[in-house]
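Worksheet for the structure shown next.
The values are calculated or read from the model by the stated rules, or taken from the named source; none is laboratory data. Since the model is a prediction, treat every value here as computed from it, not as a measurement. Heads up, the Cβs are rebuilt from the backbone with ideal geometry, glycines too, and the neighbour counts pull from every protein chain shown. For the accessible areas, the whole protein counts, side chains as well, though only heavy atoms, and no ligand, DNA or RNA atoms are used. Shrake-Rupley method; radii C 1.70, N 1.55, O 1.52, S 1.80 Å.
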Amino acid sequence: MNNTSTFQLDGTDVPFESGQTVMQAALAAGHYIPHLCYHPEFKPHGSCKLCTVKVGGRTAASCTMPAEAGLEIESDIEELNALRRTLVQMLFAEGNHFCPSCEKSGNCMLQALGYDLEVHTAGFRHMYPDRPLDASHPDILLDFNRCILCELCVRASSEVDGKNVFALAGRGITKHLIVNARSGLLNDTNIALTDKAMEVCPVGVILKKRVGFKQPIGERRYDKRPISAQALDDAPRAPSGAKHE
Amino acid sequence: MSEKKKLRVATTSLAGCFGCHMSFLDIDERLIPLLELVEFDRSPLTDIKHCGPCDIGLIEGGICNGENVHVLREFRKNCKILIAIGSCAITGGLPAQRNHLDLGDCLTEVYLTEAGLAHGHIPNDPELPLPLDKVHPLHEVVKIDYFIPGCPPSGDAIWKFLTDLIAGKTPELGHGLIEYD
Ligand code: SF4
Ligand code: SF4
Ligand code: FES
């Protein structure tokens, strides 16, 4: 028997099944809560904090918080959106995000969140880090300039592909994505175009070569509809790429 | 009947490509009602060389050389409201993609070692403004009041932003008009 009860999100009743997080239940009911490191096919990571909501005056990450009957949750309020805007701005200032020349533009979650939150500028001093590309692989390009350290590629490669191609190294501001090969180069790993790790990056780091701009700018996912209108696409679903069962 | 005083507007392109100015002209016939509300001071449209007291300054392009800094400061001194328009003014944009390279190496590569260059030399005419070692967005040099993102922002986005502002509202772009690419 489905054990369905409800909590309140911004004054609306949201049904949930036991075991669901606030994020999962909200998305499944078509209510969008901003997120970057959450992915419907993976265990929550709880690192980006874009999904922060207020419950009884306290803040919590909705992607890790179990849904409970009767909770009164606030999400789409100016206090939280202002904090989310600052998080997005810091991500823009910390990497090198030149959207006009990025193949992910229009399909990028970070950019789409910037649009949705009316972020007009990063505001902070841009750090312009020096992060050389890895173009060693014949079919795949890595542009580390845009990495937001969500670890989705790390999780996909180890949990679904069973390969461990990616990892995060370093701490604090020096934390960065690395490739698990003695040379550090992608060409010396067994990554394949069909890997789950190829499709999960929310931004423009892991790119297929020779398909750039095939889909015209202006006709891409978030050009058509704002990210906040696409909650159902991120509703919980079973992992699709599990090949190692 | 006394005419309402027109707002004075100045525009310039620093380390930009004039694409934002071209996009501004894409407001097309709406230029005519706009000209009932504003008049232009320093701008490529008027060829006035220095900015006088203005209500609104629109700046395209980031800061890549000494002259850009002087022009930006002239605008900040004279404009009540300063608006950064386009990716380069807001993020440094394409010119800022040299920021992780050494400026000397860039000049050497472009003018001396690039294949096909005979007797190349690094331009050193005293009239030329000196490049800065890094390209900066405008807000790192002076206070900027508003930002219109896009490469370039569409004529419709510029129109919406300016008409909101002139009407005394907080400018908002909304889906379809806010774009970073
Ligand atoms: S990853 Fe996203 S935000 Fe970054 S440059 Fe590409 S489109 Fe822009
Ligand atoms: S490469 Fe993409 S998926 Fe991997 S950690 Fe960076 S942003 Fe996340
Ligand atoms: S989506 Fe919850 S912390 Fe990133």
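Couple of notes before you dig in:
- In segment B:5-25, the residues that are surrounded by fewer than 16 Cβ atoms within 10 Å (Cβ to Cβ), touching a helix residue (DSSP H, G or I) at 6+ places or on another chain (Cβ under 8 Å) and part of a loop (DSSP other than H, G, I, E, B): B:Lys6
- Tally, over segment B:79-106, of residues that are in a strand (DSSP E or B) and under 13 Å from A:His97 (Cα atoms): 0
- Qualifying positions in segment A:63-107 - open to solvent by 10 Å² or more (accessible area, probe 1.4 Å), within 16 Å of ligand 3 (Cβ to nearest atom), more than 21 Å from B:Thr91 (Cβ to Cβ) and assigned to a helix (DSSP H, G or I): A:Asn81, A:Leu83
- Residue within segment A:151-159 that is under 30 Å from A:Ile33 (Cβ atoms), at pLDDT 95 or above, surrounded by 15 or more Cβ atoms within 10 Å (Cβ to Cβ) and within 13 Å of ligand 1 (Cβ to nearest atom) present: no
- Within segment A:127-162, the set of residues being among the polar types (S, T, N, Q) and touching a Leu at 6+ places or on another chain (Cβ under 7 Å) comprises A:Ser136 only.
- Subset of segment B:145-168 (residues that are assigned to a loop (DSSP other than H, G, I, E, B) and modelled with pLDDT under 95): B:Ala167, B:Gly168
- Unique residue being near ligand 2 (Cβ under 10 Å from one of its atoms) and either in a loop (DSSP other than H, G, I, E, B) or open to solvent by 40 Å² or more (accessible area, probe 1.4 Å) (or both) when the list is A:Ile148, A:Ile191, A:Ile173: A:Ile148
- Restricting attention to segment B:146-159 and to residues that are open to solvent by 50 Å² or more (accessible area, probe 1.4 Å) and in contact with a strand residue (DSSP E or B) (Cβ under 9 Å, 6 or more places away or on another chain), the residue that is nearest to the other protein chains (Cβ to nearest Cβ) turns out to be B:Tyr146.
- For segment A:194-245, the candidate set comprises residues that are acidic (Asp, Glu) and not in a loop (DSSP other than H, G, I, E, B); within that set, the residue that is nearest to ligand 1 (Cβ to nearest atom) is A:Asp223.
- Within segment A:108-145, considering residues that are more than 10 Å from chain B (Cβ to nearest Cβ) and of a type in the set (D, E, K, R), the one most open to solvent (accessible area, probe 1.4 Å): A:Asp139
- Within segment A:202-216, the residues that satisfy the criterion of being crowded, with 16+ Cβ neighbours inside 10 Å and farther than 23 Å from A:Leu117 by Cβ are A:Ile206, A:Leu207.
- Residue match in segment A:154-163 (condition: within 8 Å of ligand 2 (Cβ to nearest atom), outside the structural domain of A:Lys43 (by TED's automatic domain parsing) and closer than 25 Å to A:Ala93 by Cα): yes
- Scanning segment A:163-193 for residues that are among the hydrophobic types (A, V, I, L, M, F, W, C) and within 16 Å of ligand 1 (Cβ to nearest atom) gives a single hit, A:Leu177.
Yes/no matrix, rows are residues, columns are (1) touching a helix residue (DSSP H, G or I) at 6+ places or on another chain (Cβ under 9 Å); (2) of a type in the set (Ser, Thr, Tyr):
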position: A:Ala26; (1), (2): yes, no
position: A:His31; (1), (2): yes, no
position: A:Ser47; (1), (2): no, yes
position: A:Leu50; (1), (2): yes, no
position: A:Lys54; (1), (2): yes, no
position: A:Thr64; (1), (2): yes, yes
position: A:Ala67; (1), (2): yes, no
position: A:Gly70; (1), (2): no, no
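- Number of residues in segment A:160-170 that are open to solvent by 20 Å² or more (accessible area, probe 1.4 Å) and either part of a loop (DSSP other than H, G, I, E, B) or under 13 Å from A:Val203 (Cβ atoms) (or both): the value is 4.
- Residue ID - most open to solvent (accessible area, probe 1.4 Å), chosen from residues in segment B:84-112 that are under 19 Å from the mean Cα position of the chain (by Cα) and more than 10 Å from chain A (Cβ to nearest Cβ): B:Pro95
- Being exposed (fewer than 13 other Cβ atoms within 10 Å of the Cβ), more than 14 Å from every other protein chain (Cβ to nearest Cβ) and more than 23 Å from A:Phe124 (Cα to Cα) is a property that holds for B:Leu35.
- Here segment A:217-232 is the region considered, the condition is being under 21 Å from A:Ala29 (Cα atoms) and crowded, with 16+ Cβ neighbours inside 10 Å, and the residue that is farthest from the other protein chains (Cβ to nearest Cβ) is A:Ala231.
- Matching option when the condition is outside any strand (DSSP E or B), among the hydrophobic types (A, V, I, L, M, F, W, C) and at pLDDT below 95, among A:Met23, A:Met1: A:Met1
- Residue in segment B:125-144 that is within 13 Å of another protein chain (Cβ to nearest Cβ), part of a loop (DSSP other than H, G, I, E, B), within 30 Å of A:Ile217 (Cβ to Cβ) and open to solvent by less than 40 Å² (accessible area, probe 1.4 Å) present: yes
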